[in-house]
1. For segment 302-319, which positions are open to solvent by 40 Å² or more (accessible area, probe 1.4 Å), within 17 Å of Ser379 (Cα to Cα) and part of a helix (DSSP H, G or I)?
2. Go through segment 326-355 and count every residue that is among the basic types (Lys, Arg) and open to solvent by less than 50 Å² (accessible area, probe 1.4 Å).
3. Do we have any residue at all in segment 163-177 that's over 28 Å from Ala12 (Cα atoms), touching a residue at least 12 places away in the same chain (Cβ under 8 Å) and of a type in the set (Phe, Trp, Tyr)?
4. Which pairs turn up if I take residues in segment 279-294 that are open to solvent by less than 80 Å² (accessible area, probe 1.4 Å) and look for partners that are assigned to a loop (DSSP other than H, G, I, E, B) and at pLDDT below 65 with beta carbon separation below 6 Å, at least 6 apart in sequence or on another chain?
5. Assuming Asp230 fulfils every condition listed in (1) within 24 Å of Leu128 (Cα to Cα); (2) at pLDDT 90 or above apart from one, which condition is it?
6. Among the numbered criteria (1) more than 22 Å from Asp206 (Cβ to Cβ); (2) free of Cβ contacts under 8 Å to residues at least 40 places away in the same chain; (3) not charged (D, E, K, R), which single criterion is violated by Gly135?
7. With respect to Arg45, is the statement that it is more than 32 Å from the chain's Cα centre (by Cα) and either aromatic (Phe, Trp, Tyr) or within 14 Å of Leu125 (Cα to Cα) (or both) true?
Amino acid sequence: MRTDSSPGNLPAREHLPAGSAGTPVLDVVIPVYNEEKDLQPCVVRLHEHLKRTFPYAFRITVADNASTDTTPQVAARLESEIPEVRSFRLEQKGRGRALRTVWSASDAPILAYMDVDLSTDLNALLPLVAPLISGHSDLAIGSRLARSSRVVRGAKREFISRTYNLILRGSLQARFSDAQCGFKAIRRDVAQVLLPLIEDTGWFFDTEMLVLAERAGLRIHEVPVDWVDDPNSTVHIVKTATDDLKGVWRVGRALATGSLPLDRLARPFGDDPRDRDLTDVPKGLARQLVGFCVVGALSTLFYLLLYSGFRSFSGSQIANALALLVSAVANTAANRRLTFGVRGRGSAVRHQAQGLVVFGIGLALTSGSLAALNAATSSPAHSTELAVLIAANLAATVLRFLLFRAWVFPDRRDETAASTVVASHNPASHNASSPTYGTTTGTHQQHQQHQQHYPHQHPLPHQQHPHTPLPQRPNATAPQAPYINYDHNQTNEFRAGEAADRTWGDATMQMQAVRPHDHDPRDTRDAR
């Protein structure tokens, strides 16, 4: 599986299109369990902050995780008193389950969550979601480990947090700085495709979401935050740490075996629609060169060690052939996975066979070099042999990379460029049993034909309002857009529960179609 070459199901990042006046731009979820004392002060404080500082329409959703105290009654009272507040009840515990349920059913284009203790300073909320609104980033997280963050917490929690993030960096190659801060946001179009890939329903949900997003090449924006530890936190540190380590092992194994379809999250190149149609431009070349050099350096060291070992009981030609054969198999496997992003066992035998052909070329170069050295002198020094082999391997390395890139692991994007699959979102389709996909080739005529064949799909927002600003925050007396039916006897909540337990009929969701040929008429650049 090639995570860097598939067209994927996500459109290119764009500033959020205009929506209906009653639809909130931001939906902030507060997952709670037995928080009858802290819930009301939290919601009131958050609501006052958003009313004062957030320029767009918003919603606050209280997600109750099977509380056994009066938390549901407090949430219901807040919903009746504050128009922007909604409450949702789950009969099963799990912060991840609550977030997946509410995020999957929400109609807001930006989805966020924060802990009920409001340990994170709310002044970081607008900087958190602004890059998502503008289309710059896909996810955003608050980071307590950034240089400019100010954090007040005990030594025990500080040690656990930093150790956990070091484990993520060492085991999953995570580059984000803080996985556990309860202050995150995600674009809805990303969430609709990413959430079905996440298995965890508890505290590891955040980490799994970030790791998969990062591995798929999505952009994660980090915001330094001011954070004060809640001494009354009810989190069980030992159990949470154990579950997190199990999750690290599970995700690491899934990434190693290539069982996760991360190509669903691939985004097209460029923010200008015309940039997405660029041809004859090598993509991923710099990253592949770096990976190939790293693998090549390690393979060379491995080869030299093998040659020195084989040379102790055999001649130079036999030692060279054996060392090259063993190192070539390891080199092909490493380049297949690390350099060219091919995952899974598909075509592994063919790749190894092609790699052996490339090995034969390297063998011819190095063997020819040794033959020339032996012809020049009857008994060359061991150091001289190694020097000649290093020079021959450097020459073979360049040819090996070109053959790997062009023949063994070719880029298959050109084969799918003529028919790029993009997702189409229908807001009314949350109750549909099987989401559908539309196919567009990037021409206006074919787009019209697509609309004729699929009249049920909504037209693109920029067809109606090409330059309309985002919906502003409505007055407190304005009617709110319909959200989730919170009557426990209705079907909507049951379907949301299905989403939380990952029982969808299809693991992908509908999203809005993007027309690659569209461009801003005010752009004066020469058309390609």
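The values are calculated or read from the model by the stated rules, or taken from the named source; none is laboratory data. Here the structure is a predicted model, which is why all the values come from computation and not from measurement. Please note: Cβ atoms are built from the backbone with ideal geometry, for glycine as well, and neighbour counts cover all protein chains shown. Remember, those area values only see protein heavy atoms, side chains included, never the ligands or the DNA or RNA. Shrake-Rupley method; radii C 1.70, N 1.55, O 1.52, S 1.80 Å.
1. Across segment 302-319, the qualifying residues are Ser308, Arg311, Gln317, Ile318.
2. 2
3. So far as segment 163-177 goes, yes, one or more of its residues are over 28 Å from Ala12 (Cα atoms), touching a residue at least 12 places away in the same chain (Cβ under 8 Å) and of a type in the set (Phe, Trp, Tyr).
4. Sorted first by the residue in segment 279-294, then by its partner, the pairs are Gly284/Asp4.
5. It fails just one condition, (2).
6. Single failed check for Gly135: (2).
7. no
One line per residue, one yes/no per condition, for (1) β-branched (Val, Ile, Thr); (2) modelled with pLDDT of 90 or more; (3) touching a strand residue (DSSP E or B) at 6+ places or on another chain (Cβ under 8 Å); (4) surrounded by 15 or more Cβ atoms within 10 Å (Cβ to Cβ):
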| position | (1), (2), (3), (4) |
| --- | --- |
| Glu214 | no, yes, yes, yes |
| Ile220 | yes, yes, yes, yes |
| Thr242 | yes, no, no, no |
| Leu245 | no, no, no, no |
| Ala256 | no, no, no, no |
